[in-house]
Amino acid sequence: MKKTQKPGYLALGAVLIGIVAILIVYLVMIATGLIQISRQHITIATDSASKLYDGEALTADGWELVGGKLLEGHTVEATVTGSQTEVGVSDNHVTVYIYDSEGAEVTDKYLIEYQLGKLAVNGQRLEIVSGSAQKYYDGLPLTCPDWYIANGALGAGHECSVTVTGIATTVGTFPNTMAVRIIDTQSGEDVTSHYTLVATEGTLEISGIRLIISGDFNISNGVVDMKNVMVSGELLPGHTLRCDPIDQNIGNLDINAVHAYVVDEKGNDVTEFYEIIYGADMPSIDLPLDMITGQGGMGGGGFGGGNAMGAGPGSDAPTYACFEVLTTKSGSLYMRASSYGDFDGTNWVAASASDMSDITPFSLTVDALKNGGVYKNETLKVKMLADVFPYMLPYYANEFAANYINDCYAEWDYTVNEAYTVQFSYYEYLSSHNYSVSSAAIEQKYRTYWVDTQYLNVNEDTRAELLKLAEAAGIRADSADVIEAVRDYIKSAATYDLDCAEAPDGVDKVIYFLTQSKSGVCRHFATAATLMYRSLGIPARYVEGFAVDAVEDAWVTVMSDRAHAWVEVYIDGMGWVAVEVTPPSSGGTGSGNGSGTGTGNGGSGGGAVERKHALVIDTGSASKDYDGTVLTQSSIDWSDFEKANAYWTKQKGSDIWVCSASGQKGHYFRESEVTVTGSQLYAGSSGNFVRLTVYDAEGNDVTSEYTVLVTGYLEVKPITLTVVSASAAGNADTGVWCEAYSVRFEGNRKLLDGHSISVQFDITEQTPFVYKGEEQNTFTVRILDGDGNDITSLYYRINKVYGTLTVK
């Protein structure tokens, strides 16, 4: 009998056949890649590294599996490929392969994510500081080319090229900007991008010309009679001082009844270029100098007995012009006013002058320097602007001047606004340079009879404490460098602070200064050093005067804030030698040297230095000989900008540059907003000025956080000439002088139309050279226009060659 298949089995078989068919299709689709099996997820991280640029590639080979798991039997082979040579930041890339236990590559079975480290090559940090300068307005530009590297160091074979571009042309304070490039001296390649530049700009300050007016002011019919008005200070050519009555009172009135102002030849008010001081504000002769200076002043008899160890006067003390100097060589001058004898615990007492008529003590040092062959004769002219100061002389005045100086102060008189002339030599004492006078017997007589009896006195309690401090500092009285050792110790014992506090009553003020307050002004340092020298058996004395930064062939106006105190020590066989013992203030000392008549001097700096980010922009350079037309150069090489500014990148399709550096991330500026200005008409060099606005990520103006370092400069070459003075010989009876000279120009240049040469000799028929030996035939050269104005610095550069004057 035929069996009938049950429907249930048929259905089950059909399902199984369908499942198998589906599996076969699924496997075929997997094999053909139509279906992908879910891949294993892992994360690979690479190391980060950083270093200063050294020309070698920076790599970091380390890597790590930081997320996910490998399937059983699988292994990873990773090769880190990241590399960074130039200054900048890049990802530390890696190449990854995964293998199973049989060595087959199964990388495609994994979904790999990467956490890439960063390779950062940083530029050597280099902080460059430009100098500062100040002067009175004289119609000429003020510049200060000084600069120095404050922090960091150049790499081997690298040279820093800095063009200080700051310029001030009117009254006010302006930044002393600069353009910086770092050059590889072997290849000539610009390697600025290898450094992180930090710029600290000095300041250029032009003050109004100081005019001091006084006298009887007679007013008639609403007009001030100017005949009785006295003026200290010089007006610029074409300018006129006027005084108008404040009310219509008639008769002789005091200075408070008039208003003074200055007009030019067209009647325009130009008072903005002046600072007018009314005579009633001038200090009288009996005021202590520390009341009129910003340096803390001087105590002592010669200036009225100031408080030598009292508190400082504060940095806002008023200042004014005291005198002017003109020298044949640039350098630091100590203009000596007077020295003092004993210290009473608070003040220095006026010293007694030596009564030894056969000795002029200051000629001893000059004689020793000449015997040592280091006396280089220079000429100094001094013009006092008021009669409230003693007669002042430089170190080391020659015998002619020294014969009129006792061993405390000079005895000459001077006339206000009339220059007196002194021959002197620059010299800074070093222990290895001990020279000897011609007559040891005369020098020893002065040392024994006078110096030892006047300048070794110290309060015994103070002496004991100072000797303890000296011993702790390793200072020995018998060491060869004891003078320098004391100087260096005192300089480092405290900080310079105009706002120093006064010592409490009942304490030793010198010891309090050195051990507790540790802050003071020049008089504190000079007092402490003088007494420590004396305690060690070295004759010393406290000295007052002015510290001056002289500029060759330029009148320098010395302000009251340049008043200073220092020390003189007595060297056996040599005489009195000046020693500086005061450190600069915390901001460093600004030695502002402007150019031209009325050049001022920067005082001591102070305060924290503001740190800014640098943007290096190349505007290109240009130069030419002076031809009366303005020189400009305004192109920016944007292709080099990114090389010099590692963290700045230009956005594609725009003119926007964006910064990625830490702390500046998101800052940006627009090329279209960048302007280049700058021009050079007269002889000299200057830089372009680049102005731009930098914004943060929120669009706020953050330009103040940046300093633009501009590479490139503008140079107008001056007309260069050499002036040579003739030589002459004679005898001491008639003296020798020679005012003959010759002139030669470089190239085919010549004086411009209407210009003339003025040569003024320092040794003339009225003041001949009369001493046996040789002397340089020195002179001053000026180029004058048709109106007699000195225009030397505008168009010319003068080289001088001195002849020789010989007395047989």
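The values are calculated or read from the model by the stated rules, or taken from the named source; none is laboratory data. Bear in mind that the values here come from a model prediction, so they are computed numbers and not experimental data. Quick reminder, even Gly has a Cβ in these numbers, built from the backbone with ideal geometry, and neighbours come from all protein chains shown. Remember, those area values only see protein heavy atoms, side chains included, never the ligands or the DNA or RNA. Shrake-Rupley method; radii C 1.70, N 1.55, O 1.52, S 1.80 Å.
For region 732-749, give me each residue that is open to solvent by 70 Å² or more (accessible area, probe 1.4 Å) and either of a type in the set (D, E) or at pLDDT 90 or above (or both).
Correct list: D733, W737, E739, Y741, R744, E746.
Filter region 657-699 down to the residues that are of a type outside the set (S, T, Y), surrounded by 15 or more Cβ atoms within 10 Å (Cβ to Cβ) and part of a strand (DSSP E or B) and list them by number.
Result: W657, V658, C659, F669, V676, Q680, G684, F689, V690.
So Y409 passes all but one of these: (1) surrounded by fewer than 14 Cβ atoms within 10 Å (Cβ to Cβ); (2) modelled with pLDDT under 85; (3) of a type outside the set (A, V, I, L, M). Which condition number does it fail?
(1)
I'd like to verify a number: residues in region 345-372 that are touching a Gly at 6+ places or on another chain (Cβ under 6 Å) and of a type in the set (V, I, T), how many?
So the count comes out to 2.
Name the single residue that is farthest from Q134 (Cα to Cα) among those in region 576-593 being modelled with pLDDT under 90 and of a type outside the set (S, T, N, Q).
Looking at the filtered set, the residue picked out is P583.
Would you tally the residues in region 51-80 being out of contact with any Asp or Glu (no Cβ under 6 Å at 6 or more places or on another chain) and open to solvent by less than 80 Å² (accessible area, probe 1.4 Å)?
Restricting attention to region 51-80, the residues satisfying the condition of being out of contact with any Asp or Glu (no Cβ under 6 Å at 6 or more places or on another chain) are 51-59, 61, 63-72, 75-79.
Next, from what is left, pick out any that are open to solvent by less than 80 Å² (accessible area, probe 1.4 Å): 51, 53, 55, 57-59, 65-68, 70-71, 75-76, 78.
Adding up the residues that qualify gives 15.
Taking region 700-717 as the search range and keeping residues that are part of a loop (DSSP other than H, G, I, E, B) and open to solvent by 20 Å² or more (accessible area, probe 1.4 Å), which one is modelled with the highest pLDDT?
Once the filter is applied, the top-ranked residue is N700.
Name the residues in region 454-485 that are out of contact with any Asp or Glu (no Cβ under 7 Å at 6 or more places or on another chain), in contact (Cβ under 8 Å) with a residue 60 or more places away in the chain and not aromatic (F, W, Y), would you?
Residues satisfying the conditions are Q454, L456, V458, N459, R463, L466, L467, L469, A470, I475, A477, I483.
Could you pull out the residue among T495, T515, T530 that is closer than 30 Å to F362 by Cα and either touching an Asp or Glu at 6+ places or on another chain (Cβ under 9 Å) or of a type in the set (V, I, T) (or both)?
T530
Restricting to region 773-787, name every residue that is farther than 30 Å from D733 by Cβ and either without any contact (Cβ under 8 Å) to a residue 24 or more places away in the chain or not in a loop (DSSP other than H, G, I, E, B) (or both). First the steps, then the outcome.
Of all residues in region 773-787, those farther than 30 Å from D733 by Cβ come to 781-787.
Correct list: V781, R782, I783, L784.
Within region 643-656, can you find the residues that are farther than 16 Å from V708 by Cβ and open to solvent by 50 Å² or more (accessible area, probe 1.4 Å)?
Those that are farther than 16 Å from V708 by Cβ and open to solvent by 50 Å² or more (accessible area, probe 1.4 Å): K643, T649, K650, Q651, K652, G653.
Given the criteria open to solvent by 20 Å² or more (accessible area, probe 1.4 Å) and either within 32 Å of the chain's Cα centre (by Cα) or polar (S, T, N, Q) (or both), does D572 qualify?
So D572 fails the test.
Tally the residues that are assigned to a loop (DSSP other than H, G, I, E, B) and touching a residue at least 40 places away in the same chain (Cβ under 8 Å), restricting the search to region 171-194.
Of the residues in region 171-194, 2 are assigned to a loop (DSSP other than H, G, I, E, B) and touching a residue at least 40 places away in the same chain (Cβ under 8 Å).
What residue, among those in region 436-461 that are among the small types (G, A, S) and assigned to a loop (DSSP other than H, G, I, E, B), is least open to solvent (accessible area, probe 1.4 Å)?
Among them, the one singled out is S439.
Please work out which one of (1) free of Cβ contacts under 8 Å to residues at least 12 places away in the same chain; (2) in contact with a helix residue (DSSP H, G or I) (Cβ under 8 Å, 6 or more places away or on another chain) is the condition Y97 fails and give its number.
The one condition Y97 does not meet is (1).
Just give me the residues in region 179-196 being touching a helix residue (DSSP H, G or I) at 6+ places or on another chain (Cβ under 6 Å), of a type outside the set (S, T, N, Q) and open to solvent by less than 20 Å² (accessible area, probe 1.4 Å), in sequence order.
So in region 179-196, the residues touching a helix residue (DSSP H, G or I) at 6+ places or on another chain (Cβ under 6 Å) come out as 181-182, 192-193.
Then keep just the ones that are of a type outside the set (S, T, N, Q); that gives 181-182.
Listed by number, the list holds a single entry, I182.
Could you tell me which residue of region 25-45 is farthest from H93 (Cα to Cα), considering only residues that are among the hydrophobic types (A, V, I, L, M, F, W, C), modelled with pLDDT under 75 and not in a loop (DSSP other than H, G, I, E, B)? Walk me through it before giving the result.
From region 25-45, those among the hydrophobic types (A, V, I, L, M, F, W, C) are 25, 27-31, 34-35, 37, 42, 44-45; that's our starting set.
With modelled with pLDDT under 75 added as a condition, the list becomes 25, 27-31, 34-35, 37.
Next, from what is left, pick out any that are not in a loop (DSSP other than H, G, I, E, B): 25, 27-31.
Values: V25: 41, L27: 37, V28: 37, M29: 35, I30: 32, A31: 33 Å.
Restricting to residues being among the hydrophobic types (A, V, I, L, M, F, W, C), modelled with pLDDT under 75 and not in a loop (DSSP other than H, G, I, E, B), the top hit is V25.
So which residues in region 86-105 are assigned to a loop (DSSP other than H, G, I, E, B), in contact with a Leu (Cβ under 7 Å, 6 or more places away or on another chain) and open to solvent by 30 Å² or more (accessible area, probe 1.4 Å)?
H93
Which of the residues belonging to region 544-560 are more than 16 Å from I209 (Cβ to Cβ) and in a strand (DSSP E or B)?
Within region 544-560, E544, G545, F546, A547, V548, D549, A550, V551, E552 meet the criteria.
All but one of (1) in contact (Cβ under 8 Å) with a residue 60 or more places away in the chain; (2) open to solvent by 10 Å² or more (accessible area, probe 1.4 Å); (3) within 27 Å of the chain's Cα centre (by Cα); (4) on the phi < 0 side of the Ramachandran plot hold for C500; state the number of the condition that does not hold.
(2)
Of the residues R181, R210, which is modelled with pLDDT under 80 and of a type in the set (K, R)?
Result: R210 is the single residue among R181, R210 that is modelled with pLDDT under 80 and of a type in the set (K, R).
Given the residues G131, G139, which is the only one that is under 21 Å from W555 (Cβ atoms), in contact (Cβ under 8 Å) with a residue 12 or more places away in the chain and surrounded by fewer than 21 Cβ atoms within 10 Å (Cβ to Cβ)?
G139
Just give me the residues in region 496-532 being among the hydroxyl-bearing types (S, T, Y) and touching a helix residue (DSSP H, G or I) at 6+ places or on another chain (Cβ under 9 Å), in sequence order.
Listed by number, the residues that qualify are Y496, T515, S517, S519, T527.
Looking at region 77-88, I want the residues that are under 15 Å from A49 (Cβ atoms) and have a partner that is assigned to a strand (DSSP E or B) and charged (D, E, K, R) with Cβ atoms under 7 Å, at least 6 apart or on another chain. Which pairs are those?
The qualifying pairs are G82/D91.
Quick one: in region 760-772, of everything that is part of a strand (DSSP E or B) and open to solvent by less than 30 Å² (accessible area, probe 1.4 Å), which residue is modelled with the lowest pLDDT?
The qualifying residue modelled with the lowest pLDDT is F769.
Within region 248-280, take every residue that is among the hydroxyl-bearing types (S, T, Y) and in contact with a helix residue (DSSP H, G or I) (Cβ under 9 Å, 6 or more places away or on another chain) and give me the one that is modelled with the lowest pLDDT.
Checked region 248-280; the qualifying residue modelled with the lowest pLDDT is Y278.
Would you mention how many residues in region 504-558 are free of Cβ contacts under 8 Å to residues at least 60 places away in the same chain, among the small types (G, A, S) and touching a strand residue (DSSP E or B) at 6+ places or on another chain (Cβ under 8 Å)?
Matching residues across region 504-558 total 3.
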